[in-house]
1. What residues from the stretch 144-169 fall in the zone where the backbone N is under 20 Å from a label point 7 Å along the Cα-to-C-beta line of residue 186?
2. Distance in nm between label sites at residue 323 and residue 569, each 7 Å beyond Cα in the beta-carbon direction?
3. Expressed as an acute angle from 0 to 90° and rounded to the nearest 10, what is the orientation of the C-alpha long axis of helix 4-64 relative to the principal long axis of the chain?
4. For the chain, what is the Kirkwood estimate of the hydrodynamic radius, computed as the reciprocal of the mean inverse distance between distinct Cα atoms, to one decimal in Å?
5. What's the exposure ranking of 123, 434, going from fewest to most Cβ atoms within 10 Å?
6. Could you derive backbone 3J(HN,Hα) for the stretch 588-595 from the dihedral phi with the Karplus parameters 6.51, -1.76 and 1.60 (θ = phi - 60°), listing whole Hz in sequence and x where the residue is Gly or Pro?
7. Hand me the chymotrypsin sites (Phe, Trp or Tyr not before Pro) from the stretch 548-603 located in a DSSP loop with no more than 13 other Cβ atoms within 10 Å, in residue order please.
8. Calculate the dipole size of the stretch 5-157 relative to its Cα centre from +1 charges on Lys and Arg beta carbons and -1 charges on Asp and Glu beta carbons; express the result in debye to the nearest 20.
Amino acid sequence: MDRREPNLSKKWLVTLIVAGLYGLTLWQIAELVQEQTLSEMNINGQRQLNIYVTHLKGQLEKYEFLPELLSTNARLVELLKRPGDRERTEALNRYLETINTIANASDTYLMNREGLTIAASNWQSEKPFIGRNFSFRPYFQQAMQGRLGRYFALGSTSGRRGYYFAYPVRNLEEILGAVVIKVDLTLLEQQWRGRQEEVVVTDPEGVIFITTRPDWRFRSLYLLNETDRQRINQSRRYSGTQVEPLNIRQREELSDKSRLLTLGPMKGKDHLSGEEDYLVQRIPMPEAGWQVHLMTPLKQVQRRIGWSLIITTFAFVALALMILVLQQRYKRRRERTRYEAQANQSLREARDRLEQRVEERTVDLRQEMAERRRMEHALRQTRDELIQAAKLAMLGQMSASISHEINQPLAAIRSYTDNAKKFLQQDRCDDVAWNLEQIAELISGMTQISSQLKLFARKTDGQRSPVLLHNAIEASKRILLPQLSRTGTEVRLQSLSEDIEVMADPVRLEQVLVNLIGNAVNAMEEQTERWVSIGIEPGDDRLRLTIHDNGPGISEEHLKRIFDPFFTTRETGLGLGLSISQHIIESMGGTLMAKNSEQGGALFSLELPLA
Ligand code: ADP
């Protein structure tokens, strides 16, 4: 909530500012376009207006000098001098008709001093001017004052609008009457019609008499008061037509030559409903006392303003969309970078965690490894001790035979000693010496046995070195000598070259050989003929040694289990000899296997790497 609220008000503020900017821009653009279009219209209008005025002037100038020219004609003077002459009148009528046709004027006629028409080009028409008095017309009065009379009016007879030029007809200095040419301006009006802008010509009173809008005809472009209206109606210029002002709703002066005008619908002409705005420009035509107006509808301005507002709105919307898209893109990019930063951060964290875990695990592993090493060391020590214990146990088992073997020479030494004593008393020195020699020999034999046993009992760590096989077998035989001799067992050793060396721990190898030969001796207890045959088959890098006895062999059932620890069939046995021997041989890189020989008896084969 707390985070969203300022966001919301910020959004509102932005919307408000954008809306304000939009409104301001629209207003400014509308102003600018209006100003621009108006100024363009002003320039164009002025040009246009000049063309219209020139055209109008040209049309009138064509006729301006015609009355003066006619006034010099003798026939006119003659008829004025002697009016009533039928022949002269008819001749003049024809003449005026011809002139009128050639000049393409509306009417041409001659008036006498009293304003009575005495000859006219329309003498043959339904409503001829002849006999009618137009003395009330200002053009007549102007001509009678000796100058060119000009006037615009609605024809009282024809009901047609016309411009009148009148010129005095003189006899010497005396003014006898006036000759008049009426120009029909309807044609001009028709030529101007069908354009966007309206053309309006007003008389000095501001009454419209030429216009491209027929419904504006004889209306005032200005507001009229009662006196104005009376004066206009008295002049009979518009033959009794009631002059009313246009329905002017609003006006604004831009300069003395142009203004803005809003016209409402005409009274009684509701079909032209709705207001219309115009730019009104004017140029005076002082010769005729007219004002020529060009009224350009402002629809064009409004249309242009409308279009520019639409375009501005489009531009605004496009701009807003563009800003939105850019903002969106910016936001997305910012989010992406934030996301990437987050992803990087979590990656880093994950990596750190992993590293930490690896480190912890490494420490664990190190501890584990140290523990294992400790355990392995302990195991090795235990094994070594077990091997040593088994060896000592084996020695213990052999102790009876050994003590027997020692007791014998001891007894012999005793009897040699007794003999020596006797011979010493008899002074038989040579015999004494012989007996002592025998004693010394026996002692050296015992010493040999004891040192052999001492060597055998030594605890070793299983380190391998090249060992002469021949020596190992001989040492084993010596250790077993008391047993072999007690049981009368023969050891048959194949001829063996004395320099064959195997890689082994010498003491442990002897331990294995003593165990295997000892087992054979034990197994042959019941046999009458006892022998153990040791065979040797040297290979490329290994050597096979077989120990074959003359015993009963091993039953199939036992054969599977003899290498198991604590498996024994002997009453005094421990069942460790073979399992430890196998372990010793395997730790030296060799193998120890057992089977029954085809000739009977058990056959142990032992393989060892050659040195
Ligand atoms: P132990 O000698 O203490 O019995 P061993 O592991 O040395 O233990 O021998 C296990 C068993 O293997 C013996 O009890 C015996 O039954 C059998 N065995 C070993 N050597 C022979 C052999 N040469 N002939 C027959 N049986 C044997």
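Rule-based calculations on the coordinates, nothing more; no lab input. Just so we're clear, the structure is a prediction, and the values are computed from it rather than from any experiment. When we count neighbours, we look across all protein chains shown, and the Cβ atoms used for this are built from the backbone with ideal geometry, even at glycine.
1. From the stretch 144-169, the list is 151-165.
2. Placing both labels 7 Å along Cα→Cβ, they lie 10.8 nm apart.
3. Approximately 30 degrees, to the nearest ten.
4. Numbers: mean 1/r = 0.0251 Å⁻¹.
Computed over Cα pairs of the chain, the Kirkwood hydrodynamic radius comes out at 39.9 Å.
5. Details: 123 18, 434 15.
Fewest to most other Cβ atoms nearby, the residues stand as 434, 123.
6. For the stretch 588-595, the Karplus curve yields 8, x, x, 9, 9, 10, 10, 7 Hz.
7. Values: sites: 563, 566, 567; in loops: 563, 566, 567.
Listed in order of number, the matching sites are 566.
8. Values: 17 positive and 15 negative charges, 80 e Å.
In debye, rounded to 20, the stretch 5-157 gives about 380.
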